[in-house]
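The values are calculated or read from the model by the stated rules, or taken from the named source; none is laboratory data. Keep in mind it's a predicted model, so treat the numbers as computed, not measured. Glycine gets a Cβ as well: all are built from the backbone with ideal geometry, and neighbour counts include every protein chain shown. Please note that ligands, DNA and RNA were not included when accessible areas were found on the heavy atoms of the full protein model with its side chains. Shrake-Rupley method; radii C 1.70, N 1.55, O 1.52, S 1.80 Å.
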Amino acid sequence: MKAILSLMILWGALQAQAGTTAPEESFMTLVEQNEYITEKAKDIRRGMWRSGHEDVSSSTEWMSREALTKYFDPNQDFPYEDELDSEEITDLFVCNAKKNCEVYLISVSGSYWGGYGVESNFVMLYTQSKKSYTHSHLVYAE
């Protein structure tokens, strides 16, 4: 009887300890995502300033599936200077379909030696691991 009681106490202690282990990684909140993307945009602008660009500005946008589809519509009014390849575009749509991945667009513009350009930076933010990957392309340059 003592052995059974001892086993039950040991079993209860093990169960209690198992319940105190670290929970699965949590997802980033919308505020955390916004802060992350704001810092990412700041880093991109800083890089442009350091490379000699002037009048650098940026905007950020969360990209829904519809927005991605519209952005990459082959029948749009104007072509991009430099387009993402099909594998990069597929990466964006796959990320968008996942529960733990959000796609953001950071559009950055600036002037350089009298010219002007716009670059799109698509950030795939994995909200559980807090890692990101970026695909960039030149939208416009003169």
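Which one of the conditions (1) among the acidic types (Asp, Glu); (2) open to solvent by less than 100 Å² (accessible area, probe 1.4 Å); (3) in contact (Cβ under 8 Å) with a residue 40 or more places away in the chain does ASP73 fail to meet, given that it meets all the rest?
(3) is the only condition that ASP73 fails.
Among the residues in the range 78-87, are any at pLDDT 95 or above, open to solvent by 80 Å² or more (accessible area, probe 1.4 Å), more than 24 Å from MET28 (Cβ to Cβ) and in a helix (DSSP H, G or I)?
So in the range 78-87, the residues at pLDDT 95 or above come out as 87.
Retained after the next criterion (residues that are open to solvent by 80 Å² or more (accessible area, probe 1.4 Å)): 87.
Filter once more, so that each one left must be more than 24 Å from MET28 (Cβ to Cβ): 87.
Still in the list and also in a helix (DSSP H, G or I): 87.
So far as the range 78-87 goes, yes, one or more of its residues are at pLDDT 95 or above, open to solvent by 80 Å² or more (accessible area, probe 1.4 Å), more than 24 Å from MET28 (Cβ to Cβ) and in a helix (DSSP H, G or I).
Evaluate the following for TRP11: is it farther than 15 Å from LYS131 by Cα, of a type in the set (Phe, Trp, Tyr) and either at pLDDT 95 or above or under 24 Å from the mean Cα position of the chain (by Cα) (or both)? Break it down into steps so the answer makes sense when it comes.
Working: farther than 15 Å from LYS131 by Cα: yes; of a type in the set (Phe, Trp, Tyr): yes; either at pLDDT 95 or above or under 24 Å from the mean Cα position of the chain (by Cα) (or both): no.
No: the conditions fail for TRP11.
So, in the range 76-125, how many residues would count as being without any contact (Cβ under 8 Å) to a residue 24 or more places away in the chain, under 18 Å from ASP55 (Cβ atoms) and β-branched (Val, Ile, Thr)?
Qualifying residue count for the region: 1.
Report whether or not SER59 is open to solvent by less than 90 Å² (accessible area, probe 1.4 Å), of a type in the set (S, T, N, Q) and either in contact with a helix residue (DSSP H, G or I) (Cβ under 7 Å, 6 or more places away or on another chain) or at pLDDT 95 or above (or both). Walk me through how you get there before you give the answer.
On the way: open to solvent by less than 90 Å² (accessible area, probe 1.4 Å): yes; of a type in the set (S, T, N, Q): yes; either in contact with a helix residue (DSSP H, G or I) (Cβ under 7 Å, 6 or more places away or on another chain) or at pLDDT 95 or above (or both): yes.
Here the answer is yes, as SER59 does meet what is asked.
Quick check on this structure: which one of SER64, SER51 is at pLDDT 95 or above and either within 18 Å of VAL118 (Cα to Cα) or of a type in the set (S, T, N, Q) (or both)? Can you show your working first?
Working: SER51 fails: at pLDDT 95 or above.
Just one listed residue meets the conditions, SER64.
Going through the range 34-70 one residue at a time, which ones are outside any helix (DSSP H, G or I) and over 21 Å from LYS131 (Cβ atoms)? Spell out the reasoning first.
Looking only at the range 34-70, we keep the residues that are outside any helix (DSSP H, G or I), and these are 51-64.
SER51, GLY52, HIS53, GLU54, ASP55, VAL56, SER57, SER58, SER59, SER64 - these are the residues of the range 34-70 that are outside any helix (DSSP H, G or I) and over 21 Å from LYS131 (Cβ atoms).
Given the options VAL94, VAL123, name the one that is at pLDDT 95 or above and surrounded by fewer than 13 Cβ atoms within 10 Å (Cβ to Cβ). Lay out the reasoning, then the answer.
Values: VAL123 fails: surrounded by fewer than 13 Cβ atoms within 10 Å (Cβ to Cβ).
Answer to the selection: VAL94.
Take the residues in the range 99-142 that are assigned to a strand (DSSP E or B) and of a type in the set (Asp, Glu); name whichever of them is nearest to the chain's Cα centre (by Cα). Reasoning before the result, please.
Quick first cut of the range 99-142, residues assigned to a strand (DSSP E or B) only: 101-112, 115-126, 131-141.
Then drop every residue that is not of a type in the set (Asp, Glu), which leaves 102, 119.
Values: GLU102: 6, GLU119: 16 Å.
Across the range 99-142, the extreme among qualifying residues is GLU102.
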